[in-house]
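Participant: Below: one structure in structure tokens.
Just so it is clear, none of the values below were taken in a lab; they were calculated from the coordinates. Fair warning: this is a prediction, and the values are worked out from it, not measured in the lab. Cβ atoms come from the backbone with ideal geometry, glycine included; neighbour counts cover every protein chain shown.
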Amino acid sequence: MNRSKQFTAIDYLKAEWAAKVFKEANREKTTARALHYFALGRDDYHVFSRNGLRETRIYQDGDARIFSDWVALAKRMGVIRWDAVPDETVGEYGDLEYVPTDMAFSYEYSLGMPDMASLREYLERKTIAAEYYPLEMAQPYHLELWVEKSTMNNILQPVMDASGFLMAHELCDKVAEINQNFFNGGLDIRIRRIGLTPQQVRENNIPLVVRKETERNNFRLYREYVESAGLDYTKKAELDALERYYSGGIQAFVSEWLERYYDTTLEDRCKKENDRLVESIPGVAELPEEVARRREQILKELDELAEIENKIDIPEGGEIESSIEPITDDPNNDEWLLDLENQIYPKYGDVDVAGDDENG
């Protein structure tokens, strides 16, 4: 590491320790809060005095704020890539956009008039060319992941096309109202909480941290919810902990849920189907001899050649039916937090184990 005079020896020790945690986390991108969970339990946490390193001890939950400062320091010093642990407060997140496509397989005939780079191929062609539009089958469902913590955008951007934040009851009420007011209840919208649930906390051995005084909404409801799974209602679980305690991190956690309704093989199967359909395009007659002869005369009297080709009767194109269909689970065979199609709405007790709640 190149040492800069603007940083002290203690700064370098702090940054190097944060960089060590990031490296051992083995994540391409993550959050500072997720790194906190990778640091929990380490016995080499640095404690400093004015004169330098005083001692090392076990890293604890209460060290999180200081550790976040160390991560930011490591980024400024270049020992952690700036985009590896982005900070939402300084505009390091971009907008996510979903652009659906839907196009059936079709084809049409033309003379294949070329650009200059394709001139040789054009002149050697002896038949009318068949041009086609590739089959692009859209996914059957438009999937969105709504996240209460915008710091997750950095990790989930490669997985999802849209994200936002709203808690369960607010979200369901707003979606149902929009559907009724603007679409006369005609949209098939389904919402499901994929995490965190008390069962997931137990199954993945996610450690609980103390809830803040500001996180006391729906106190009694939250207490009933977490105690039913044998958890301590005075504490909470955080999504960032999935980075350490779920195999593959939060990307894997989200992907495993979404792939139930997203056909990951669809693009490859469309490509193979395109190849098959191209082979099935009906053949047409060869070009008139005069055209073929003129083409053999490289670029000779090009304007005259174009005039002759414009008189050729080009067959009409068409469409070819395909039996390809997306393969996903049937949403009617699953349970949903909100299912407008079947009039299923959140029930009493549907609260989030992450613990965003009201004073009670």
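Participant: With r defined as the distance between the Cβ atoms of Glu108 and Arg50 and R0 fixed at 51 Å, what FRET efficiency is calculated, to the nearest 0.05? Each step should come with its number before you reach the end.
Facilitator: On the way: r = 79 Å, r/R0 = 1.54.
It comes to 0.05.
Participant: Another question, if that's okay. In what sequence do Ile155, Ile327, Ile128, Ile281 fall when counting other Cβ within 10 Å, fewest first? Don't jump to the answer; show the numbers that get you there.
Facilitator: Working: Ile155 25, Ile327 11, Ile128 20, Ile281 15.
With the sparsest Cβ surroundings first, the list reads Ile327, Ile281, Ile128, Ile155.
Participant: Hey, fewest Cβ within 10 Å first, where do Trp82, Trp257, Trp17 land in order? It would help to have the intermediate numbers written out before the result.
Facilitator: Values: Trp82 11, Trp257 15, Trp17 22.
Fewest to most other Cβ atoms nearby, the residues stand as Trp82, Trp257, Trp17.
Participant: Separation between the Tyr345 and Tyr141 pseudo-spin-labels, each 7 Å from Cα along Cα→Cβ, expressed in nm?
Facilitator: Here the answer is 2.3 nm between the modelled labels.
Participant: Going through the cross-link list Lys23/Lys212; Lys20/Lys75; Lys14/Lys75; Lys126/Lys272, which pairs have a Cα-Cα distance over 21 Å in this structure? Before the final figure, lay out each step's value.
Facilitator: Working: Lys23/Lys212 30 Å; Lys20/Lys75 13 Å; Lys14/Lys75 11 Å; Lys126/Lys272 27 Å.
Flagged as over cut-off: Lys23/Lys212; Lys126/Lys272.
Participant: Right, next: Taking 7 Å along the Cα-to-C-beta vector as the label spot, tell me the Glu307-Glu256 distance in nanometres, rounded to one decimal.
Facilitator: Placing both labels 7 Å along Cα→Cβ, they lie 7.2 nm apart.
Participant: Now a separate question. Tell me, how many Å apart are the Cα centres for segment 20-83 and for segment 182-199?
Facilitator: 37 Å
Participant: Something else about it: Starting at the first residue of segment 137-146, write each ³J(HN,Hα) from the Karplus equation 6.51 cos²θ - 1.76 cosθ + 1.60 with θ = phi - 60°, in whole Hz, x for Gly and Pro.
Facilitator: Those phi angles translate into 7, 6, 4, x, 10, 8, 9, 10, 10, 9 Hz.
Participant: Turning to a different aspect of this structure: Using label points projected 7 Å from each Cα along Cα→Cβ, tell me how many nm separate Ser323 and Asp69, to one decimal.
Facilitator: Spacing of the two 7 Å Cα→Cβ label points: 6.7 nm.
Participant: In whole Hz, what ³J(HN,Hα) sequence does segment 76-84 give by Karplus (6.51, -1.76, 1.60; θ = phi - 60°), x for Gly and Pro?
Facilitator: Along segment 76-84, the couplings run 5, 8, x, 8, 10, 3, 4, 8, 6 Hz.
Participant: If you don't mind, another one. With viscosity set to 1.567 mPa s at 4 °C, what whole-number translational diffusion coefficient in µm²/s follows for segment 197-280 from Stokes-Einstein and a Kirkwood radius over Cα pairs?
Facilitator: Details: Rh = 16.0 Å.
Approximately 81 µm²/s, per Stokes-Einstein.
Participant: Compute the Cα gyration tensor for segment 9-82, then decide on rounded, prolate or oblate, letting a ≥ b ≥ c be the square roots of its eigenvalues: rounded whenever a/c is under 1.5, prolate when a/b is larger than b/c in the other cases, and oblate in all that remain.
Facilitator: On the way: a/c = 1.92, a/b = 1.23, b/c = 1.55.
It is oblate, given that a/c is not under 1.5 and a/b is not larger than b/c.
Participant: Determine, for Cys172, Cys270, the number of other Cβ atoms within 10 Å of each Cβ, and report the residues in order from fewest to most.
Facilitator: Numbers: Cys172 22, Cys270 18.
With the sparsest Cβ surroundings first, the list reads Cys270, Cys172.
Participant: Enumerate the amide H contacts of Ala129 below 5 Å, restricted to partners 5 or more residues apart or on another chain; note that Pro and chain-start residues carry no placed amide H.
Facilitator: Ser110, Gly112
Participant: Another one. I need the calculated FRET efficiency for the pair Ser280 and Ile314, taking r as the beta carbon distance and R₀ as 22 Å, to the nearest 0.05. Write out the running numbers ahead of the final one.
Facilitator: Values: r = 20 Å, r/R0 = 0.89.
FRET efficiency, Ser280 to Ile314: 0.65.
Participant: With θ set to phi - 60°, apply the Karplus curve 6.51 cos²θ - 1.76 cosθ + 1.60 along segment 275-285 and write out the HN-Hα couplings as whole Hz, x wherever there is a Gly or Pro.
Facilitator: Going residue by residue, I get 4, 5, 5, 4, 5, 8, 5, x, x, 10, 5 Hz, with x marking Gly and Pro.
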